[in-house]
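> I'd like to ask you about the structure that follows.
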Amino acid sequence: MRLFHLLAIAGAIILSGTGIAAAAIVENFRLGGWNGSAFTEDDSGRFSTCVASATYKSGITLYVQVDTSYSWAIGFSAPHWDMEVGSDIPLQYRIDRGGWQSGVAKATSKDLARMQMPQGGYIITRFRRGRTLYVYDGTYNYEFRLTGTSRLMARLAKCVEQNIARYGAAPGTGNTAAAAPSSGLGQKPVAQGSAPTNTVSDPQLAVEATQALFNFMGSAGLSGLKLIPDGQREEDLNGLHAVAANDARTVVAHIFSPGSYQSEEELMSLVVADSQKSCTDGSFSSGTERLTESGKDLYTSYANCEAGDFQLIERVAIVKRNSGGIFVYGVADTYVGEGGGAPVSPPELTDPDFYAAAAEAAN
C-alpha cells in the first residue's frame, strides 16, 4: 500500500540517514492511528529496527523507533521543512505537566529530524501514559496527542523480539538479551546499550522481587493466588518483576533501582493517572498519603473505579529498599455484582493490613 511505502522511506531515513537503499521492509502492522514497519539491513539481511508513525492535523508526522537493544528514539517530519542535513537541532520537550527536558535532534534529511531518547524509566513511562507531548525548538511550539502509545510501545517491543528471532540482530545494533519495554503498574524503564539495570532480564531483581511478593502476601494473609510468569500475563502486567493473580485479585511487586526513576512523586502520579485513564465508563476517585508503618516510611495511593455492577480498587505502596532504590507493591481488587455476570469478590484486605504487609515485605 502507498501508506506503507511512504513509511518505509521515512523509516529507512530515520534508522540510517542514508535513504531507503540501506534497509528492507520485512513486516508491516497497524495499531490504532499508528503504522509500523520492521527493517533488515540489505547487506547483512539481519533485523535492525522497528519504526511506527502517526501523522497529525498540523501536517507533522511523529515517528517512534525501537532498535535491537530496545533503545528508542523519536523523529519528526513535515514536507515544508528545509533543514540542513546532518545539523543538530536543540529541543526542549515535556509530557503533560512534567518538567521540561533538553534534547538534541539531528536532521537526517531536509524534512526529518531524529532524537535519541534518554535511558531510564521516567520519560518512557511518561510517553506511554501521558496525553500530550510538547516540543519547543526555540521558535515554535508543537503539540502531539499521545493516543495509544502504551499499546504501541508494547507492539514495537514485540516487533523487535519476533524479528530478532527470525533474522538475527544486525551487527553492532544491540544486545538481544536486553529487556523489552512493557506497560503497567510500576512501569520499568527501557534498557539502552548493553547493560540493562532494572529489567526482568536481571535475575537478581526478579528473584528479590518475587521473594518480596511472597513476603507481602504472607504478611497480608493473601491466599489462592498463582504466580504468573512474564509473557503469560495480561499485556499491561508484562515486564513487572513479580505478579500473582486469580480471577478477583492481582498483586504485584517491582523494584526500581537507584537512578532509574525521577522521583517517587512522579511515579505515583503516573500510577494514579493511568488508573484514571483506564476508568473510561465509570466514576473515579483517588488519593495519596504518606505515612509511617513499623518504622518504615510509605508513600501510598488508592484509586477506585465504579461502573454499574463493576468496581475496581487499586492500592499502591512505595517503600525504600535497603540496598537503594524502592519497592513498589500493588493490589488490584475486582468486584462484579450479579448484574455483571458471575459475581466476583476477593477476600477483604483492609488498608492497615495492606500498609503493614508492605512495610514488612521490604525488610
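The values are calculated or read from the model by the stated rules, or taken from the named source; none is laboratory data. Note that the coordinates shown come from a computational prediction; the quantities given were computed from them, not determined experimentally. Positions of Cβ are generated from backbone atoms using ideal geometry, with glycine treated the same way; all protein chains shown enter the neighbour counts. Note: areas computed on protein heavy atoms with side chains; ligands, DNA, RNA excluded. Shrake-Rupley method; radii C 1.70, N 1.55, O 1.52, S 1.80 Å.
> Apply the Karplus parameterisation 6.51 cos²θ - 1.76 cosθ + 1.60, with θ equal to phi minus 60°, to every residue of region 279-296 and state each ³J(HN,Hα) to the nearest whole Hz, in sequence, with x for glycine and proline.
3J(HN,Hα) across region 279-296, in whole Hz: 8, 7, 10, x, 8, 10, 9, 7, x, 10, 7, 9, 8, 10, 9, 6, x, 9.
> Using a Cα-Cα cut-off of under 17 Å, which lysines could be cross-linked to Lys158, ignoring same-chain neighbours fewer than 8 residues away?
Lys188
> Name the aspartates and glutamates eligible as straight-distance cross-link partners of Lys226: C-alpha to C-alpha under 19 Å, and not fewer than 8 places from it in the same chain.
Straight-distance partners of Lys226: Glu208, Glu234, Glu235, Asp236, Asp247, Glu314, Asp333, Glu348.
> Further question: What FRET efficiency comes out for His80 versus Ala307 if R0 is 41 angstrom and r is the Cβ-Cβ distance? Round to the nearest 0.05. Working shown, then result.
Working: r = 45 Å, r/R0 = 1.10.
Given R0 = 41 Å and the Cβ-Cβ separation, E is 0.35.
> With a probe of 1.4 Å, find how much accessible area region 227-363 has per residue, and write the answer as a whole number in Å². If you can, show how the numbers build up before the last one.
Values: 6330 Å² over 137 residues.
That works out to 46 Å² for each residue.
> Here is a further query. Test of understanding: extend the Cα→C-beta vector of Arg30 to 7 Å, then name every residue of region 41-83 with backbone N under 19 Å from that spot.
51-57, 61-64
> Multiply the residue gap between Gln232 and Gln101 by 0.36 nm, knock off their C-alpha separation, and tell me the result in nm, one decimal place. Working shown, then result.
Numbers: separation 131, 0.36 × 131 = 47.16 nm, distance 3.54 nm.
That pair, Gln232 and Gln101, stretches by 43.6 nm at full extension.
> Lys and Arg at +1, Asp and Glu at -1: add these up for the other residues within a Cβ distance under 15 Å of Leu112 and post the number. Don't skip to the answer; put the middle values down first.
On the way: positive: Lys106, Lys110, Arg114; negative: Asp82, Glu84, Asp88, Asp111, Asp137.
Neighbour charge sum, excluding Leu112 itself: -2.
> For the pair Thr292/Thr55, report the inter-label distance in nm, with labels modelled 7 Å from Cα in the Cβ direction.
Placing both labels 7 Å beyond Cα along the Cβ direction yields 6.0 nm.
> Amide H neighbours of Ser69 under 5 Å, at least 5 residues apart or on other chains, H built in the peptide plane: list them.
Placed amide hydrogens put Asn175 under 5 Å from Ser69.
> Just subtract the alpha-carbon distance of Ser323 and Tyr140 from 0.36 nm times their residue separation and send over the number in nm, one decimal. Don't skip to the end; give the middle numbers.
Numbers: separation 183, 0.36 × 183 = 65.88 nm, distance 4.45 nm.
This chain segment gains 61.4 nm when fully extended.
> Find which of Ala245, Met268, Thr280 sits farthest along the positive direction of the dipole of region 236-282, computed with +1 on the beta-carbon of Lys and Arg, -1 on that of Asp and Glu, about the Cα centre.
Ranked along the dipole, the leading option is Ala245.
> Restrict the search to region 225-288; then list the GluC sites (Glu not before Pro) that DSSP places in a loop and that have at most 16 other Cβ atoms within 10 Å of their Cβ. Could the numbers behind the result be given before it?
Numbers: sites: Glu234, Glu235, Glu264, Glu265, Glu266; in loops: Glu234.
For GluC sites (Glu not before Pro) across region 225-288 that sit outside H, G, I, E and B with at most 16 neighbouring Cβ atoms in 10 Å, the list reads Glu234.
> Run the reach check for Lys57 against lysines, Cα to Cα strictly under 28 Å, same-chain hits fewer than 8 apart removed. What comes back?
By straight Cα distance, Lys57 reaches Lys106, Lys110, Lys277.
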